[in-house]
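Here is the structure we will look at.
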Amino acid sequence: MKKPLLATAASIAALVMFGTSAYASTSATYVVRPNDTLWQIAHSHGVSLSSLIQANPQIQNPNSIWVGEKIQLPASGQTSSSPSIQQQYATEVANLVNQARAKAGLKPLTVSAKLSALAMQKASDMYQNHYFSHISPTYGSPFDMMQKEGFSFTYAGENIAEGQTSPQQVMQDWMNSPGHRANILNAHFDTIGVAYDHGVWVQEFIGHGQ
């Protein structure tokens, strides 16, 4: 099973521009790693087990796959990483963030649809282009993306993760990591955008205070 990954970034800036955002999902090929199972591959990429099996008719025994074997991930129309699942997971993560902030005596973050669209843009880019980094080969840094999309802010940060199978798991991993926890509990932040796409999780944070 692929080990879940985490990364965090934060910056202080003052940027004002205007733009638009968009995202898309495509199919991809996954190469089986040691200890992988079809169930683990399906869950780590946000697809259903049945759709994964249907997309790979060459697999005669779903309980037996080989290291190095190429698995075709279902196209977006066949996956459980549908808009409803994406929205459900994003909403659950945002709720868990605000629960954690409440326990720490902090104000809740406002969920921004526009910032969530930017987060989805980043999540889809990581999934489609097979990388895990704050620096996108397509868009640059998260702060470059925010600038291009017209966000005005004083503070900004990003948390990313890959391989977790539920909002609860990714939040637990983030909260157990000092850098990610610091972003989630940063008193300077007032707005959040969250996205999930095929096993990739993204949180974008901005703050407008002094």
Notebook entry, point to check: Roughly what would the spin-label model give for Thr154 and Ala102, points 7 Å off Cα along C-beta, in nm?
Noted result: 2.7
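If you roll a 1.4 angstrom probe over the protein chains with everything in place, what fraction of the accessible area of the range 107-204 belongs to carbon and sulfur, to the nearest %?
Working: 1730 of 3330 Å².
Taking all protein chains in place, the range 107-204 shows 52 percent carbon and sulfur surface.
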Note to self: Let's test this: bin the Cα-Cα distances of the range 61-203 at 5 Å from zero up to the farthest pair and state each bin's percent.
What the structure shows: 2, 9, 18, 22, 20, 14, 7, 4, 3, 1, 0
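Per 0.36 nm of contour for each residue apart, how much would the distance between Ala187 and Thr37 grow if the chain were fully extended, relative to their Cα-Cα spacing?
Numbers: separation 150, 0.36 × 150 = 54.00 nm, distance 4.11 nm.
This chain segment gains 49.9 nm when fully extended.
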Check: Under a plain spin-label model, where a point goes 7 Å from the Cα along Cα-to-Cβ, how far apart in nm are Ser84 and Ser141?
Finding: 4.0
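The values are calculated or read from the model by the stated rules, or taken from the named source; none is laboratory data. Quick caveat, the model's predicted, so the values are computed rather than measured. Neighbour counts run over all protein chains shown; Cβ positions are idealised from the backbone, glycine included. The area values use the complete protein model at the heavy-atom level, side chains included, leaving out ligands, DNA and RNA. Shrake-Rupley method; radii C 1.70, N 1.55, O 1.52, S 1.80 Å.
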